[in-house]
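The values are calculated or read from the model by the stated rules, or taken from the named source; none is laboratory data. Since we're looking at a predicted model, the values are computed, not measured. Cβ coordinates were reconstructed from backbone atoms using ideal geometry, including for glycine residues, and neighbour counts include every protein chain displayed. Side chains included, ligands, DNA and RNA excluded: accessible areas come from the protein's heavy atoms. Shrake-Rupley method; radii C 1.70, N 1.55, O 1.52, S 1.80 Å.
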Amino acid sequence: MSRLAVVILAAGQGTRMKSNLPKVLHPIAGRPMIQYMLDAVAKLAEDRPVLVVGHGDEAVRQTLGDAVTYVLQEQRLGTGHAVLQAREALAGRADTVLVLYGDMPLLSSETLRALVSAHDGQVAPITMLTCIHQQTMGFGRIVRDGAGHVVGIVEESQATPEQLTIKELNPGVYCFDAAWLWEHLPALPLSPKGEYYLTDLVGMAVDEGCSVEAIVVDDPLETLGVNERLHLAKVEAVVRQRVREELMRAGVTIIDPASTYIDATVAIGQDTIVYPNTHLQGATCIGVNSLIGPNTIVRGSTVGDNCRLEMSVVEDAIIEDDVSVGPFAHLRKGSHLAAGVHMGNFGEVKNSYLGPGVRMSHFSYVGDAEIGDDVNIGAGTVTCNYDGLDKHPTVIGEGAFIGSGTMLVAPVKVGARARIGAGAVVTHDVPPDSTAYGVPARVREEKAERTDSSREAPSGSCSGDRN
Ligand code: UD1
Ligand code: MG
């Protein structure tokens, strides 16, 4: 078995992208472009791939961490020069070097594997991938002789009118014999554009009497390269379609795939139905039998089984089983809705835990709060968590009943089973099992009443505080 090393070039500025973000970090279906390439090469070689970085290398390092070995190309002197930078890291450690460019996210591992095994089977110092495409996308053209042997790659900018009509293109994926590569790279001539072109190695090999082998990729879509934002959108569409198809095959119903945007990082359980115009983003995981959408955004959140999320926005939240949210609800960072919660229209929850069975049906804001089981939050209740300087917590005990239009001025605690009358402004803690109302809210003296008359629970005392 020959030892294989993988080198991915990603030092270029990506000028045609017109972006401050390094090209390989542009997201495609929620993941940086380079991640797709890393997935494709993941199982090919034992060692981590070498990533040649330059422009924006700090951001690239931050995103990828130690998933790759970095090699810095300080000056962008072309693709040949970029590969040469990896020589020190790899010379003597590999027999074959697979070189690919970081801007081709649709390449499959099967195609790369086929290339590597084609190379292993013969003596040519270079085995390359080619593609046949009517749209030439600025790619270099593959020049063959009368007998059909590859004799060179000519860059579009230097091609003759006749060469420009060639439809066999260079996607930029090559297997090199390592010793041959390291020996020949320093001898690359300077191109008219002032760069050392990796592609000129093909002509050099042929001039030396070596053969260059080429295998044509089956699906030319795989070689879509991203050089500008139009290409980015094309690749994005392909990846998203693949994501949806995979989910549908796994038992997810997507009513209208064309208007459903699901990141490659999202997991969805069987028999969940996704309605149109829904965006599922980031590290989102949705259980089985749930109904998501229409017009819903779920970002970086976990949603349980048998949930219903309708026309709502859910960000960095946890939703357990049997929860219904919306229409028009907003769950913000740190929201955790336990099983069976109902959160109705125009509600907002931030950084709060709502215990099992909590009902928060209309127009309420709950922030920085801890809410016990089966609490009823009346319409228009607000946790006033911000005093202009700091945020403060609200705690509501299990079974409490918060009347409509209550202002809970934090920090404040409402005890278990306490009842708050409609329109109260609660500025002090309310003990368990008590009743408070008014502005500011005062606790009703139930103990005295109870000693005077019966000890029955004051079940009718809040009859006006419906939600
Ligand atoms: C290159 C090929 C062209 C091929 C096309 C396929 C050369 C000379 N040309 O052209 O034949 O059809 O890719 O996409 O190789 N890079 C560096 N350092 C550099 C220059 C580039 O790391 O100094 C990296 C870039 O970040 C990019 C890759 O190499 O990932 C290719 O560079 P790019 O400028 O996109 O080359 P193309 O003009 O597309
Ligand atoms: Mg390119």
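Need pairs with beta-carbon distance below 6 Å; first residue within 16 Å of ligand 2 (Cβ to nearest atom) and open to solvent by 10 Å² or more (accessible area, probe 1.4 Å) and within the stretch 98-121, second part of a strand (DSSP E or B) and not β-branched (Val, Ile, Thr); sequence gap 6+ or separate chains.
Partner pairs satisfying both residue conditions: TYR101/LEU9.
Do we have any residue at all in the stretch 55-67 that's in contact with a His (Cβ under 9 Å, 6 or more places away or on another chain) and within 14 Å of ligand 1 (Cβ to nearest atom)?
no
Got a number for residues in the stretch 302-359 being crowded, with 24+ Cβ neighbours inside 10 Å and either modelled with pLDDT under 95 or part of a strand (DSSP E or B) (or both)?
Residues meeting the conditions: 10.
Specify the residue that is farthest from ligand 1 (Cβ to nearest atom); the eligible residues are those in the stretch 191-230 that are β-branched (Val, Ile, Thr) and in a helix (DSSP H, G or I).
VAL206
For the stretch 37-49, which residues satisfy the criterion of being open to solvent by 10 Å² or more (accessible area, probe 1.4 Å) and either among the β-branched types (Val, Ile, Thr) or in contact with a strand residue (DSSP E or B) (Cβ under 7 Å, 6 or more places away or on another chain) (or both)?
Those that are open to solvent by 10 Å² or more (accessible area, probe 1.4 Å) and either among the β-branched types (Val, Ile, Thr) or in contact with a strand residue (DSSP E or B) (Cβ under 7 Å, 6 or more places away or on another chain) (or both): LEU44, ALA45, ASP47, ARG48, PRO49.
Go through the stretch 122-143 and count every residue that is surrounded by fewer than 23 Cβ atoms within 10 Å (Cβ to Cβ) and more than 16 Å from ligand 2 (Cβ to nearest atom).
The number of residues fulfilling the criteria is 6.
Considering only the stretch 143-158, I want to know if a residue exists there that is closer than 30 Å to ARG229 by Cβ, part of a strand (DSSP E or B) and in contact with a strand residue (DSSP E or B) (Cβ under 7 Å, 6 or more places away or on another chain).
Yes, that holds for at least one residue.
Across the stretch 85-97, what is the total count of residues that are assigned to a helix (DSSP H, G or I) and either open to solvent by less than 10 Å² (accessible area, probe 1.4 Å) or without any contact (Cβ under 8 Å) to a residue 60 or more places away in the chain (or both)?
The number of residues fulfilling the criteria is 2.
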